[in-house]
Structure formats: structure tokens, C-alpha cells
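Report on the structure given below.
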Amino acid sequence: MPFSSNPRSGRRTLSFLLASAATAVPVMIAPAGAGHAATLPPASFSPAGLFASSAAVDLTDPRKKDIAMQLVSSAENSSLNWKAQYKYIEDIDDGRGYTAGIIGFCSGTGDMLDLVERYAKLKPGNVLARYLPALRKVDGTDSHQGLDPNYTRDWATAAKDTVFQQAQNDERDRVYFNPAVNQAKKDGLRALGQFAYYDAIVMHGGGTDPQSFGAIRKNALKKAKPPAQGGDETKYLHAFLDARKVAMKAEEAHEDTSRVDTAQRVFLNNGNLDLNTPLSWKVYGDPFKIS
């Protein structure tokens, strides 16, 4: 499926942290509290048998996919509770208008429009359908014209609808998850590499723009070959993460690279190419753990 050519948003503000026990994902562990930061192994530490024993599976495995969603949510929402983010919506002042939902759909980059159009097809006359003309007009801008003052309220209302939740899941998979995982599998990458691709396309979008996923991958290929081309998987992923950091630093909204430095790079340095649990990492200095 085709990649979006639009850039993605960076970290969301901390004003919208939803982690109530009533909606918590059963498999997740809450972030370590203040003063009890999760301990990250040294970068060079890679003992055999460190991770839970399991057959190697890719990121489409339900458990692995849930882990991927928690990892993204830790960076996008400072919370592992990704299912609480269906109702998230705010303008984070990154030039992309409203950012919303489980993957940061943006009113200024087209993917929010696609989502609301999908929802309208699944459930005609829903509470967001009236905003489709406005979403078409603001696409490509940071404008709220035609959306304010009630769009955020109506988004939260729609988020209680399981049809809208499924629409968000479907668009996440169509635009971001499936293209990223499919490309990673073509490159011969295991679950960690598949996640690295997924997280990159979530933030940067696909295509070949200078800071897009396509450009990041192209720059990585200049430094190392992926396993599908006879290269070393670890070496290639280091090259990919290096290229990712360059792309992140090129845009002010993405200049904090901790989701690479103290998360993905930690897993890679530990030799955890299958993204097996337990996982401990930090994003923006906040510690997280999945057992």
C-alpha cells in the first residue's frame, strides 16, 4: 500500500495523559515512578538468554503489535495506555493543525481527512461527518477554520464509538503499520527493525521527501546493506537509526532524539532483534517498562 508523503508530528504535550485503571491495557506495566527510574543495561551489554524465550515472530503478531503501540504511545503521549488515545486531540503548534487519535492523525497532513472519510463511509451521519468540507479546506495548513469551536468536543464524543475506534485502527494499519512492516520484511528485518521502520513512518511519513521514511531508508542503504542484500542486520539498523536521527534534528519539533537513543538503540545494543520482553527504556527522560 502506498506511503503517505506527509510529515508527521513529534511529541505531544503532557496535558493529555490518560492512564486510568479502567482502560489500561492488561499487558502493560506503568512507567516507573519518580525516583525509581527503570535501569537500562549498558550499551555494550548483550548476554545470551536475557530475553523471554519465544519463537521469532514478526510485528503482526498481536502481542508484538501491542508492544509496538505501547512503545509509540510512550513517545507520542508519555503513556503506555495507547487505547486511551482514541479521544486525544489538540494543536501542538507544530504547523500541522490538530493532532489526534492513536497515531497522531493531523488535520493539516491529510491523514485525519482520510480517517474521517472512512468513518463517514462506515457510519453515515456520524458526529464528525459535518466537518468533512472544513477538513478538505484546511488540508495542507495549520488552520482551524470551520472546525472550531466544537470539533475537539465532537472528536471526543466520536471516540466512544467502537466504529470510530476501528476506523482509527484500520487507517493506522493502511497508512503506517502495514507499509512499514512489509518493507522491513522485504529488507529481511526482524521485529525490532520492523518497529524501527514503523516508528519512523509514524513521525516522518513515507515517500522520498528529505526527512521522510523513504529518504531515511535511502540514506541508511548508503552506509550498510540490510539482510536481504547480504548485509548484517545489526549494522544496518545502526545505520538506519543514525539516518533517522539526522532527519529528526532537521526539524525543531523532532529535535529530541531520545526515542532512538534511549529506546530503540538500547534494544539494538542489547541484541534484542526480536523485540522480546522484558523491555526497559526511556523517552524524554521518562522511564517505562513492559514485562
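Tabulated values for the structure
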quantity	calculated
Helices (runs of 4 or more DSSP H) lying entirely in segment 166-259 (those with 1 or more residues that are among the charged types (D, E, K, R) and surrounded by fewer than 23 Cβ atoms within 10 Å (Cβ to Cβ))	178-186, 213-221, 233-249
Subset of segment 137-165 [among the small types (Gly, Ala, Ser) and either open to solvent by less than 40 Å² (accessible area, probe 1.4 Å) or at negative phi (or both)]	Ser143, Ala156, Ala158, Ala159
Residue identified as farther than 21 Å from Ala263 by Cβ, under 15 Å from the mean Cα position of the chain (by Cα) and without any contact (Cβ under 8 Å) to a residue 24 or more places away in the chain among Asp232, Asp148, Asp173	Asp173
Pairs, first more than 15 Å from Gly110 (Cα to Cα) in segment 124-135, second surrounded by fewer than 18 Cβ atoms within 10 Å (Cβ to Cβ), C-beta under 7 Å, six or more apart	Asn126/Ala120; Val127/Asp154; Val127/Thr157; Leu128/Asp154; Ala129/Ala120
Residues satisfying the stated conditions in segment 271-283, i.e. open to solvent by less than 10 Å² (accessible area, probe 1.4 Å) and either assigned to a loop (DSSP other than H, G, I, E, B) or farther than 27 Å from Asp61 by Cα (or both)	Asn272, Leu275
Options Ala134, Ala120; residue that is among the small types (Gly, Ala, Ser), open to solvent by 10 Å² or more (accessible area, probe 1.4 Å) and in contact with a helix residue (DSSP H, G or I) (Cβ under 6 Å, 6 or more places away or on another chain)	Ala120
Scan of segment 151-170 for residues that are polar (S, T, N, Q) and free of Cβ contacts under 8 Å to residues at least 24 places away in the same chain, ordered by number	Thr162
Count - residues of segment 103-117 that are of a type in the set (A, V, I, L, M, F, W, C) and open to solvent by 10 Å² or more (accessible area, probe 1.4 Å)	1
Test result for Gly193, over 30 Å from Phe267 (Cβ atoms) and of a type in the set (Gly, Ala, Ser)	no
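Residue-wise test of (1) of a type in the set (S, T, N, Q); (2) modelled with pLDDT of 95 or more; (3) more than 17 Å from the chain's Cα centre (by Cα).
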site: Phe240; (1), (2), (3): no, yes, no
site: His254; (1), (2), (3): no, no, no
site: Arg259; (1), (2), (3): no, yes, no
site: Ala263; (1), (2), (3): no, yes, no
site: Leu268; (1), (2), (3): no, yes, yes
site: Gly271; (1), (2), (3): no, yes, yes
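The values are calculated or read from the model by the stated rules, or taken from the named source; none is laboratory data. These numbers were taken from a predicted model, which means no experiment stands behind them. Every residue, glycine among them, receives a Cβ derived from its backbone with ideal geometry; neighbour counts consider all protein chains shown. Note: accessible area is taken over every heavy atom of the protein model, side chains too, but ligands, DNA and RNA are not part of it. Shrake-Rupley method; radii C 1.70, N 1.55, O 1.52, S 1.80 Å.
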